[in-house]
1. Of all residues in segment 211-222 being surrounded by 11 or more Cβ atoms within 10 Å (Cβ to Cβ) and more than 18 Å from Asp84 (Cα to Cα), which is modelled with the lowest pLDDT?
2. Are any of the residues in segment 158-173 in contact with a helix residue (DSSP H, G or I) (Cβ under 9 Å, 6 or more places away or on another chain), within 21 Å of His28 (Cα to Cα), surrounded by 14 or more Cβ atoms within 10 Å (Cβ to Cβ) and of a type in the set (Val, Ile, Thr)?
3. Which of (1) away from the ligand (no atom under 11 Å from the Cβ); (2) over 17 Å from Glu21 (Cα atoms); (3) open to solvent by 20 Å² or more (accessible area, probe 1.4 Å); (4) at pLDDT below 95 does Asp151 not meet, given it meets every other one?
4. Out of all the residues in segment 33-43, is one or more in a helix (DSSP H, G or I), open to solvent by 20 Å² or more (accessible area, probe 1.4 Å), more than 10 Å from the ligand (Cβ to nearest atom) and modelled with pLDDT under 95?
5. Name the pairs whose Cβ atoms lie under 6 Å apart, with the first residue in segment 159-175 and under 24 Å from Ala147 (Cβ atoms) and near the ligand (Cβ under 10 Å from one of its atoms), the second open to solvent by less than 60 Å² (accessible area, probe 1.4 Å) and not in a helix (DSSP H, G or I), and 6 or more positions between them or separate chains?
6. In the set Glu178, Glu184, which member is at pLDDT 90 or above, within 15 Å of the chain's Cα centre (by Cα), open to solvent by 30 Å² or more (accessible area, probe 1.4 Å) and not polar (S, T, N, Q)?
7. For residues in segment 90-124 being at pLDDT below 95 and within 14 Å of the ligand (Cβ to nearest atom), which is most open to solvent (accessible area, probe 1.4 Å)?
8. Of the residues Leu157, Leu192, which single one is within 24 Å of Leu20 (Cβ to Cβ) and more than 17 Å from the chain's Cα centre (by Cα)?
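The values are calculated or read from the model by the stated rules, or taken from the named source; none is laboratory data. Fair warning: this is a prediction, and the values are worked out from it, not measured in the lab. As a convention, Cβ positions derive from the backbone with ideal geometry for all residues, glycine included, and neighbour counts pool all protein chains shown. Note: accessible area is taken over every heavy atom of the protein model, side chains too, but ligands, DNA and RNA are not part of it. Shrake-Rupley method; radii C 1.70, N 1.55, O 1.52, S 1.80 Å.
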Amino acid sequence: MIVVLLGPQGSGKGTQADLLEQRLGLIHVASGDVLRAARAGDSELGATVRRYYDAGELVPDEITIQLLLQAIREASDRGGVLLDGFPRTVLQARALDAALSAEGERVGCVVDLTAPLDVVRERLVGRMMCRSEGHIYNTATNPPRVAGICDVDGSELYQRPDDYPEAIAKRLAIWAEENGALEEYYRRSGVLRTVDANRDRREVADELVALLRDGCGAGAEG
Ligand code: AMP
(Lines give C-alpha, C1' and ligand atoms only; values in the text may rest on other atoms or scores of the structure.)
Protein backbone atom coordinates (compact mmCIF):
# COMPACT_ATOMS: atom_id res chain seq x y z
CA MET A 1 0.00 0.00 0.00
CA ILE A 2 1.15 3.56 -0.73
CA VAL A 3 0.13 6.01 2.00
CA VAL A 4 0.58 9.78 1.78
CA LEU A 5 0.76 11.96 4.87
CA LEU A 6 -0.34 15.57 4.36
CA GLY A 7 -0.26 18.40 6.87
CA PRO A 8 1.78 21.51 7.61
CA GLN A 9 5.40 21.27 8.71
CA GLY A 10 5.27 20.53 12.43
CA SER A 11 1.99 18.61 12.27
CA GLY A 12 4.01 15.50 13.13
CA LYS A 13 4.28 13.76 9.75
CA GLY A 14 7.86 12.62 10.39
CA THR A 15 7.17 11.51 13.96
CA GLN A 16 4.06 9.61 12.92
CA ALA A 17 5.82 8.06 9.96
CA ASP A 18 8.55 6.73 12.29
CA LEU A 19 5.90 5.28 14.62
CA LEU A 20 3.99 3.70 11.72
CA GLU A 21 7.20 2.28 10.35
CA GLN A 22 7.74 0.51 13.68
CA ARG A 23 4.13 -0.60 14.10
CA LEU A 24 3.07 -1.50 10.56
CA GLY A 25 6.39 -2.15 8.84
CA LEU A 26 5.75 0.53 6.22
CA ILE A 27 8.86 2.13 4.71
CA HIS A 28 9.12 5.84 5.47
CA VAL A 29 10.13 7.98 2.51
CA ALA A 30 10.54 11.63 3.56
CA SER A 31 11.04 14.17 0.80
CA GLY A 32 13.07 16.30 3.22
CA ASP A 33 15.52 13.40 3.79
CA VAL A 34 15.83 12.67 0.07
CA LEU A 35 16.41 16.36 -0.71
CA ARG A 36 18.83 16.80 2.20
CA ALA A 37 20.89 13.93 0.77
CA ALA A 38 20.86 15.61 -2.66
CA ARG A 39 21.66 18.97 -1.01
CA ALA A 40 24.83 17.52 0.47
CA GLY A 41 26.11 16.46 -2.97
CA ASP A 42 29.07 18.24 -4.48
CA SER A 43 27.37 18.72 -7.86
CA GLU A 44 25.24 21.20 -9.77
CA LEU A 45 22.17 19.35 -8.53
CA GLY A 46 23.39 19.69 -4.92
CA ALA A 47 23.98 23.42 -5.38
CA THR A 48 20.50 23.96 -6.87
CA VAL A 49 18.77 22.02 -4.09
CA ARG A 50 20.82 23.91 -1.49
CA ARG A 51 19.72 27.28 -2.89
CA TYR A 52 15.99 26.53 -2.54
CA TYR A 53 16.14 24.35 0.55
CA ASP A 54 18.14 26.80 2.65
CA ALA A 55 15.79 29.65 1.77
CA GLY A 56 12.80 27.56 2.93
CA GLU A 57 11.43 27.48 -0.62
CA LEU A 58 10.12 24.49 -2.54
CA VAL A 59 12.74 22.76 -4.66
CA PRO A 60 11.57 22.90 -8.32
CA ASP A 61 9.04 20.18 -9.23
CA GLU A 62 11.20 18.74 -11.98
CA ILE A 63 14.07 17.92 -9.61
CA THR A 64 11.85 16.86 -6.71
CA ILE A 65 9.73 14.54 -8.84
CA GLN A 66 12.73 12.81 -10.36
CA LEU A 67 14.48 12.24 -7.02
CA LEU A 68 11.35 11.19 -5.15
CA LEU A 69 10.01 8.79 -7.77
CA GLN A 70 13.39 7.08 -7.71
CA ALA A 71 13.32 6.81 -3.89
CA ILE A 72 9.73 5.53 -3.94
CA ARG A 73 10.59 2.92 -6.56
CA GLU A 74 13.45 1.62 -4.43
CA ALA A 75 11.31 1.55 -1.27
CA SER A 76 8.27 -0.08 -2.87
CA ASP A 77 10.44 -2.98 -4.02
CA ARG A 78 10.78 -3.74 -0.29
CA GLY A 79 7.17 -3.23 0.89
CA GLY A 80 4.42 -0.71 1.65
CA VAL A 81 5.48 2.94 1.52
CA LEU A 82 4.62 5.91 3.67
CA LEU A 83 5.22 9.24 1.94
CA ASP A 84 5.98 12.26 4.07
CA GLY A 85 6.38 15.64 2.39
CA PHE A 86 5.74 14.41 -1.15
CA PRO A 87 3.61 15.19 -3.06
CA ARG A 88 3.45 18.83 -2.03
CA THR A 89 1.91 20.26 -5.22
CA VAL A 90 -0.82 19.02 -7.58
CA LEU A 91 1.80 18.67 -10.31
CA GLN A 92 3.79 16.32 -8.04
CA ALA A 93 0.61 14.39 -7.17
CA ARG A 94 -0.18 13.91 -10.86
CA ALA A 95 3.38 12.75 -11.58
CA LEU A 96 3.17 10.26 -8.70
CA ASP A 97 -0.18 8.90 -9.93
CA ALA A 98 1.14 8.52 -13.46
CA ALA A 99 4.27 6.70 -12.27
CA LEU A 100 2.28 4.38 -10.01
CA SER A 101 -0.39 3.58 -12.56
CA ALA A 102 2.30 2.62 -15.06
CA GLU A 103 3.17 -0.12 -12.56
CA GLY A 104 -0.45 -1.08 -11.77
CA GLU A 105 -0.22 0.65 -8.37
CA ARG A 106 -2.07 3.59 -6.82
CA VAL A 107 -2.13 5.76 -3.72
CA GLY A 108 -4.28 3.79 -1.25
CA CYS A 109 -4.74 6.36 1.48
CA VAL A 110 -4.01 10.04 2.04
CA VAL A 111 -4.12 11.25 5.62
CA ASP A 112 -4.34 14.93 6.37
CA LEU A 113 -2.82 15.62 9.79
CA THR A 114 -4.53 18.78 11.00
CA ALA A 115 -3.27 21.17 13.68
CA PRO A 116 -3.68 24.91 14.24
CA LEU A 117 -0.87 26.97 12.72
CA ASP A 118 0.14 28.55 16.05
CA VAL A 119 0.63 25.02 17.46
CA VAL A 120 2.80 23.86 14.56
CA ARG A 121 4.86 27.08 14.69
CA GLU A 122 5.66 26.37 18.37
CA ARG A 123 6.60 22.79 17.56
CA LEU A 124 8.95 23.85 14.75
CA VAL A 125 10.75 26.41 16.87
CA GLY A 126 11.58 23.68 19.44
CA ARG A 127 12.35 20.95 16.91
CA MET A 128 15.74 19.19 17.01
CA MET A 129 16.91 16.55 14.59
CA CYS A 130 19.67 13.97 14.90
CA ARG A 131 22.62 14.16 12.52
CA SER A 132 22.83 10.50 11.82
CA GLU A 133 19.31 9.36 10.87
CA GLY A 134 17.01 12.36 11.26
CA HIS A 135 15.22 11.19 14.43
CA ILE A 136 13.04 14.05 15.67
CA TYR A 137 12.76 15.60 19.14
CA ASN A 138 11.20 18.70 20.63
CA THR A 139 12.84 20.60 23.45
CA ALA A 140 9.41 21.30 25.01
CA THR A 141 7.18 18.32 24.20
CA ASN A 142 9.48 15.40 23.36
CA PRO A 143 12.99 16.04 24.74
CA PRO A 144 15.76 13.46 24.41
CA ARG A 145 16.88 11.66 27.60
CA VAL A 146 20.24 13.48 27.45
CA ALA A 147 20.14 17.07 26.14
CA GLY A 148 21.61 17.39 22.66
CA ILE A 149 22.02 13.62 22.09
CA CYS A 150 19.78 11.25 20.11
CA ASP A 151 18.20 8.49 22.27
CA VAL A 152 18.24 6.02 19.38
CA ASP A 153 21.72 6.31 17.89
CA GLY A 154 23.69 8.67 20.19
CA SER A 155 24.39 11.21 17.45
CA GLU A 156 24.33 14.97 17.97
CA LEU A 157 21.02 16.87 17.76
CA TYR A 158 20.83 20.11 15.75
CA GLN A 159 18.31 22.70 14.69
CA ARG A 160 17.68 22.63 10.95
CA PRO A 161 18.48 25.91 9.13
CA ASP A 162 14.94 25.93 7.76
CA ASP A 163 13.55 25.75 11.31
CA TYR A 164 14.77 29.28 12.08
CA PRO A 165 11.81 31.65 12.54
CA GLU A 166 12.08 33.48 9.16
CA ALA A 167 12.25 30.24 7.19
CA ILE A 168 9.38 28.74 9.24
CA ALA A 169 7.10 31.65 8.36
CA LYS A 170 7.95 31.27 4.67
CA ARG A 171 7.47 27.48 4.66
CA LEU A 172 4.08 27.70 6.37
CA ALA A 173 2.94 30.39 3.92
CA ILE A 174 3.97 28.20 0.98
CA TRP A 175 2.22 25.23 2.56
CA ALA A 176 -1.02 27.22 2.96
CA GLU A 177 -0.80 28.25 -0.69
CA GLU A 178 -0.34 24.72 -2.08
CA ASN A 179 -2.31 22.59 0.32
CA GLY A 180 -5.91 23.49 -0.58
CA ALA A 181 -5.52 22.35 -4.17
CA LEU A 182 -3.68 19.20 -3.13
CA GLU A 183 -6.40 18.25 -0.64
CA GLU A 184 -9.04 18.87 -3.29
CA TYR A 185 -7.13 16.64 -5.71
CA TYR A 186 -7.12 13.73 -3.26
CA ARG A 187 -10.67 14.40 -2.00
CA ARG A 188 -11.85 13.93 -5.57
CA SER A 189 -10.07 10.62 -5.85
CA GLY A 190 -11.86 9.46 -2.67
CA VAL A 191 -8.81 8.56 -0.59
CA LEU A 192 -8.53 11.63 1.66
CA ARG A 193 -8.98 11.14 5.42
CA THR A 194 -8.50 13.65 8.24
CA VAL A 195 -6.85 12.99 11.60
CA ASP A 196 -6.57 15.55 14.40
CA ALA A 197 -2.83 15.88 15.05
CA ASN A 198 -3.17 18.32 17.92
CA ARG A 199 -3.01 15.50 20.49
CA ASP A 200 -0.45 13.30 22.15
CA ARG A 201 1.60 11.62 19.42
CA ARG A 202 0.73 8.12 20.69
CA GLU A 203 -3.01 8.83 20.41
CA VAL A 204 -2.52 10.12 16.88
CA ALA A 205 -0.48 7.02 16.01
CA ASP A 206 -3.20 4.71 17.42
CA GLU A 207 -5.81 6.34 15.20
CA LEU A 208 -3.55 6.11 12.16
CA VAL A 209 -2.77 2.45 12.77
CA ALA A 210 -6.51 1.65 13.12
CA LEU A 211 -7.29 3.61 9.95
CA LEU A 212 -4.63 1.89 7.87
CA ARG A 213 -5.41 -1.58 9.24
CA ASP A 214 -8.99 -0.89 8.14
CA GLY A 215 -7.75 -0.33 4.55
CA CYS A 216 -8.05 3.48 4.94
CA GLY A 217 -11.47 3.39 6.63
CA ALA A 218 -14.81 3.35 4.92
CA GLY A 219 -16.76 6.01 6.75
CA ALA A 220 -14.55 9.08 6.42
CA GLU A 221 -14.93 11.90 3.92
CA GLY A 222 -14.24 10.91 0.37
P1 AMP B 1 10.50 19.15 5.12
O2 AMP B 1 11.56 18.37 5.84
O3 AMP B 1 9.41 18.30 4.59
O4 AMP B 1 9.99 20.32 5.90
O5 AMP B 1 11.22 19.77 3.84
C6 AMP B 1 12.33 20.60 3.97
C7 AMP B 1 12.57 21.36 2.67
O8 AMP B 1 12.78 20.43 1.61
C9 AMP B 1 11.42 22.22 2.20
O10 AMP B 1 11.41 23.49 2.82
C11 AMP B 1 11.72 22.32 0.72
O12 AMP B 1 12.80 23.18 0.46
C13 AMP B 1 12.19 20.92 0.41
N14 AMP B 1 11.06 20.02 0.07
C15 AMP B 1 10.61 18.97 0.80
N16 AMP B 1 9.61 18.34 0.16
C17 AMP B 1 9.44 19.01 -1.01
C18 AMP B 1 8.55 18.84 -2.10
N19 AMP B 1 7.64 17.84 -2.13
N20 AMP B 1 8.65 19.71 -3.14
C21 AMP B 1 9.56 20.69 -3.14
N22 AMP B 1 10.43 20.92 -2.14
C23 AMP B 1 10.37 20.08 -1.07
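1. From segment 211-222, those surrounded by 11 or more Cβ atoms within 10 Å (Cβ to Cβ) are 211-214, 216-217, 220, 222; that's our starting set.
In the following step, the residues that additionally are more than 18 Å from Asp84 (Cα to Cα) were identified as 213-214, 217, 220, 222.
Values: Arg213: 94, Asp214: 94, Gly217: 86, Ala220: 45, Gly222: 41.
Restricting to residues being surrounded by 11 or more Cβ atoms within 10 Å (Cβ to Cβ) and more than 18 Å from Asp84 (Cα to Cα), the top hit is Gly222.
2. no
3. That leaves (4) as the condition not met.
4. Here is the first cut: in segment 33-43, the ones in a helix (DSSP H, G or I) are 33-39.
Restricting the remaining residues to those that are open to solvent by 20 Å² or more (accessible area, probe 1.4 Å) gives 33-34, 36-37, 39.
With more than 10 Å from the ligand (Cβ to nearest atom) added as a condition, the list becomes 37.
Those left that are additionally modelled with pLDDT under 95: 37.
Within segment 33-43, one or more residues are in a helix (DSSP H, G or I), open to solvent by 20 Å² or more (accessible area, probe 1.4 Å), more than 10 Å from the ligand (Cβ to nearest atom) and modelled with pLDDT under 95.
5. Filtered contacts from segment 159-175: Arg160/Met129; Asp162/Gly56; Asp163/Arg127; Ala167/Gly56.
6. On the way: Glu184 fails: within 15 Å of the chain's Cα centre (by Cα).
Criteria check complete, one pass: Glu178.
7. Arg121
8. Details: Leu192 fails: more than 17 Å from the chain's Cα centre (by Cα).
None of the others qualify; the one that does is Leu157.
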